[in-house]
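Inspection log for the structure reproduced underneath, given as structure tokens.
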Amino acid sequence: HRCSFCIIPSMRGDLVSRPIGDVMGEAERLVRAGVRELLVISQDTSAYGVDTKFRTGFWEGRPLKTRMQDLCEALGEFGVWVRLHYVYPYPHVDNVIPLMAEGRILPYLDVPLQHGSPEVLKRMKRPAAAEKSLERIKRWREICPDITLRSTFIVGFPGETEDDFEQLLDFLEEAQLDRVGCFQYSPVKGAAANELPDPVPDELKQQRWERFMALQQEISAARLQAKIGKTIEILIDSVDEQGAIGRSSADAPEIDGKVYLDGITDLNPGDLVEAEVTGADEYDLWAG
């Protein structure tokens with residue numbers, strides 16, 4: 001039994017947006033089959049419809065524009081969890097945060113920020129400046145205080161200086177992200193970055209990765225500790241003789257943490273339950 005399925009509104013390579021009617025039709029079939037969570041995943045979900053100039057499509061005779069906000073509003077009508085991934089922090093993303101505050105889609109955003117140094121971001125050819133990202137994060141939390149923010153970063157990109165890396169650590173401290181992944185840069189065949197000067201030695205990449213992860217573990221642990229005593233909604237993924245294991249709205253399947261309900265065996269995968277958080281570590285919660 002799978003509680004969660006992905007829907008993909010655009011393809012890899014040059015952005016090619018699927019007609020919104022096709023995406024909604026797929027989502028509707030999954031919900032009718034009993035799926036309790038939809039993960040919206042693409043190369044750049046925030047750019048959905050840019051290539052089609054936000055063409056109007058149709059779903060069940062109803063006109064819908066091919067753009068992220070319209071897709072989120074429509075998906076929010078199904079009454080299941082809707083989780084957004086790979087959303088770059090463009091200004092128009094602000095428009096979907098009220099949908100999270102209203103409970104229409106999950107208060108969760110996966111934002112690939114990549115780095116905290118403007119110079120490194122420039123060399124990466126990334127679309128957002130670190131300072132603007134921090135401003136946007138602050139605004140999102142003002143609109144939806146319960147929002148969970150996940151991101152990924154790269155250390156050791158060619159030309160990354162110690163000052164660049166310190167700016168990244170400062171960014172982490174300021175952003176206080178809930179879920180973070182970090183990768184060491186490695187050359188990819190055919191990538192333009194391979195030709196950039198001043199590659200970072202492997203030993204230094206490893207040191208920076210360890211420093212990054214140590215800081216983020218402290219941040220993650222503190223944010224999870226703050227949830228102890230709160231009642232949260234949990235989607236159950238599995239049950240055995242030891243108890244049930246599920247996820248909260250803050251936990252995407254396979255990449256984020258879990259919620260353990262030890263000794264609770266009278267549940268089934270797909271159940272949505274409420275429970276009080278009784279414990280936490282750097283990544284997971286315990287509830288009962």
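The values are calculated or read from the model by the stated rules, or taken from the named source; none is laboratory data. These figures come from a predicted structure and were not determined experimentally. Note: ideal-geometry Cβ built from the backbone for every residue, glycine included; neighbour counts use all protein chains shown. Heavy atoms of the whole protein, side chains included, go into the accessibility calculation; ligands, DNA and RNA do not. Shrake-Rupley method; radii C 1.70, N 1.55, O 1.52, S 1.80 Å.
Overview of values
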{"quantity": "Condition met for Pro197 (more than 28 Å from Gly76 (Cα to Cα), assigned to a loop (DSSP other than H, G, I, E, B) and out of contact with any Leu (no Cβ under 8 Å at 6 or more places or on another chain))", "calculated": "yes"}
{"quantity": "Whichever residue in region 217-234 is within 18 Å of Pro107 (Cα to Cα) and out of contact with any strand residue (DSSP E or B) (no Cβ under 8 Å at 6 or more places or on another chain) and, among such residues, is surrounded by the fewest Cβ atoms within 10 Å (Cβ to Cβ)", "calculated": "Ala226"}
{"quantity": "Subset of region 115-125 [in contact (Cβ under 8 Å) with a residue 12 or more places away in the chain and open to solvent by less than 20 Å² (accessible area, probe 1.4 Å)]", "calculated": "His115, Gly116, Ser117, Val120"}
{"quantity": "Some residue of region 23-30 being buried (at least 17 other Cβ atoms within 10 Å of the Cβ), modelled with pLDDT of 90 or more and in a loop (DSSP other than H, G, I, E, B)", "calculated": "no"}
{"quantity": "In region 238-259, residue modelled with the lowest pLDDT [restricted to those that are among the hydrophobic types (A, V, I, L, M, F, W, C), open to solvent by 10 Å² or more (accessible area, probe 1.4 Å) and within 24 Å of Thr148 (Cα to Cα)]", "calculated": "Ile255"}
{"quantity": "Condition broken by Ala74, with the remaining ones in (1) over 29 Å from Asp164 (Cβ atoms); (2) open to solvent by 10 Å² or more (accessible area, probe 1.4 Å) satisfied", "calculated": "(2)"}
{"quantity": "Leading residue by the ranking (most open to solvent (accessible area, probe 1.4 Å)) among those in region 32-56 that are in contact with a strand residue (DSSP E or B) (Cβ under 6 Å, 6 or more places away or on another chain) and farther than 20 Å from Glu254 by Cβ", "calculated": "Phe54"}
{"quantity": "All positions within region 163-189 that are free of Cβ contacts under 8 Å to residues at least 12 places away in the same chain and farther than 17 Å from Met124 by Cα", "calculated": "Glu166"}
{"quantity": "Test: residue in region 87-101 that is without any contact (Cβ under 8 Å) to a residue 60 or more places away in the chain, among the charged types (D, E, K, R) and more than 18 Å from Ala47 (Cα to Cα)", "calculated": "no"}
{"quantity": "Subset of region 77-105 [closer than 17 Å to Glu37 by Cβ, of a type outside the set (Ser, Thr, Tyr) and either open to solvent by 60 Å² or more (accessible area, probe 1.4 Å) or in contact with a His (Cβ under 8 Å, 6 or more places away or on another chain) (or both)]", "calculated": "Glu77, Gly79, Gly103, Arg104"}
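Conditions (1) open to solvent by less than 10 Å² (accessible area, probe 1.4 Å); (2) assigned to a strand (DSSP E or B), marked per residue:
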residue	(1), (2)
Ile236	yes, yes
Leu261	yes, yes
Ile264	no, no
Pro269	no, no
Glu274	no, yes
Val277	yes, yes
Trp286	no, yes
